[in-house]
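For reference, the structure discussed in these notes is given below.
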Amino acid sequence: MPDKDHVFKEEIKTAADFKFGSTVANVFDDMVNRSVPFYGEIQRMIAELAADHAKPGTDVYDLGCATGTTLIGMNTSVSDDIRFIGIDDSPEMLDKCRNKLKEAGFKRPFELRVADLNNSVEITNASVVVLCLTLQFIRPIHREKLLKSIFDGMQSGGVLILVEKILAEDSVFNREFINYYYNYKRRNQYSEMEISQKREALENILIPYKLSENITLLRDLGFENCEVFFKWYNFSGLIARKK
């Protein structure tokens, strides 16, 4: 069982930006399961999509792999001879990831790399690239460059699987959707203080786009096909294919 998320349970006198250090790494699995609607189903869908698009002799990337949940999910569905590459900027997350892969009996070839996705990242020979709740943490000025490096390093027929927190297309509904989301957190036993303090901590580092903006960005970079595979108020999943 993952440790319980109590990161924002006590009052924090001085608000600081959210960081994926050891404190968060230790409770991340509980945090994401209680904070992201249908997280388990999203992971199952990613594994299913990856299985259909991963090609022999290519690599599957998980950018912002955190504690390895997506890698473990894909491991059960993707052919054993395909290498997995997990990239994250938090060494503490990758330590947790390495332990989870070992516990899961990972047998396939894999590599874990520490890298800041705001800077240049090397993508080569990819048939599947996953960005699950990751692009939203990349500074907007760097997003196009990251997505271009993914596109350029992807084989013909390769896919990008993108899951993001998003803004509503119409601002009238944006506040409503945020309220529904906070109600979801309340149902998962987060207090008002925890909700408020986490919102403040994420304010400067989680910058969502509209769904239409993400689609436009992908199409402008050359992704031929783009489809929504998941939507829940202010969360969405996209799959985009390179011709």
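Restricting the first residue to segment 44-56 and requiring it to be more than 11 Å from Asn75 (Cβ to Cβ), which pairs with a second residue that is part of a helix (DSSP H, G or I) and open to solvent by less than 20 Å² (accessible area, probe 1.4 Å) meet a Cβ separation below 6 Å and a spacing of at least six or different chains?
Ile46/Thr70
Quick one: is Arg199 under 23 Å from Ser149 (Cα atoms) and open to solvent by 80 Å² or more (accessible area, probe 1.4 Å)?
Considered against the rule, which asks whether it is under 23 Å from Ser149 (Cα atoms) and open to solvent by 80 Å² or more (accessible area, probe 1.4 Å), Arg199 comes out as no.
For segment 64-122, which positions are surrounded by 13 or more Cβ atoms within 10 Å (Cβ to Cβ), basic (Lys, Arg) and part of a helix (DSSP H, G or I)?
Within segment 64-122, Lys96, Arg98, Lys100 meet the criteria.
Considering segment 215-232 alone, what residues qualify as being over 29 Å from Arg175 (Cβ atoms) and either assigned to a strand (DSSP E or B) or of a type in the set (Gly, Ala, Ser) (or both)?
Gly222, Asn225
Give the residues of segment 137-183 that are of a type in the set (Asp, Glu) and open to solvent by 10 Å² or more (accessible area, probe 1.4 Å), sorted by residue number.
The answer is Glu144, Asp152, Glu169, Asp170, Glu176.
Given the criteria surrounded by fewer than 13 Cβ atoms within 10 Å (Cβ to Cβ), in a strand (DSSP E or B) and of a type in the set (Gly, Ala, Ser), does Ser212 qualify?
It is false that Ser212 is surrounded by fewer than 13 Cβ atoms within 10 Å (Cβ to Cβ), in a strand (DSSP E or B) and of a type in the set (Gly, Ala, Ser).
Quick check, is Asn188 open to solvent by 30 Å² or more (accessible area, probe 1.4 Å) and in contact (Cβ under 8 Å) with a residue 60 or more places away in the chain?
So Asn188 passes the test.
Is there any pair with a first residue in segment 27-40 that is in a helix (DSSP H, G or I) and a second that is among the small types (Gly, Ala, Ser) and surrounded by fewer than 18 Cβ atoms within 10 Å (Cβ to Cβ) whose Cβ atoms are under 9 Å apart and which are 6 or more apart or on different chains, and what are they?
From residues that are in a helix (DSSP H, G or I), the pairs are Asn33/Gly40.
What number goes with the only condition from (1) outside any helix (DSSP H, G or I); (2) open to solvent by less than 40 Å² (accessible area, probe 1.4 Å); (3) at pLDDT below 95; (4) under 18 Å from Leu135 (Cα atoms) that Asn204 does not pass?
The number of the failed condition is (2).
Would you check which residues across segment 233-243 are surrounded by fewer than 17 Cβ atoms within 10 Å (Cβ to Cβ) and assigned to a strand (DSSP E or B) and list them?
Once the filter is applied, which keeps residues that are surrounded by fewer than 17 Cβ atoms within 10 Å (Cβ to Cβ) and assigned to a strand (DSSP E or B), segment 233-243 yields nothing.
Just to check your reading of the model, which residue among Lys148, Lys107 is farther than 24 Å from Ala25 by Cβ and either at pLDDT below 95 or under 14 Å from the mean Cα position of the chain (by Cα) (or both)?
Only one candidate qualifies: Lys107.
Quick one: would you say Lys165 is of a type in the set (Lys, Arg) and closer than 24 Å to Met31 by Cβ?
So Lys165 passes the test.
Looking at this structure, is Glu194 surrounded by fewer than 16 Cβ atoms within 10 Å (Cβ to Cβ), of a type in the set (Asp, Glu) and farther than 21 Å from Glu144 by Cβ?
Judged against the criteria, Glu194 is not a match.
One residue is enough: does segment 155-169 have a residue meeting the conditions part of a loop (DSSP other than H, G, I, E, B) and more than 19 Å from Asp62 (Cβ to Cβ)?
Among the residues of segment 155-169, at least one is part of a loop (DSSP other than H, G, I, E, B) and more than 19 Å from Asp62 (Cβ to Cβ), which makes the answer yes.
The values are calculated or read from the model by the stated rules, or taken from the named source; none is laboratory data. This is a predicted model, so every value here is computed, not measured. Heads up, the Cβs are rebuilt from the backbone with ideal geometry, glycines too, and the neighbour counts pull from every protein chain shown. SASA here: full protein model, heavy atoms, side chains in, ligands and nucleic acids out. Shrake-Rupley method; radii C 1.70, N 1.55, O 1.52, S 1.80 Å.
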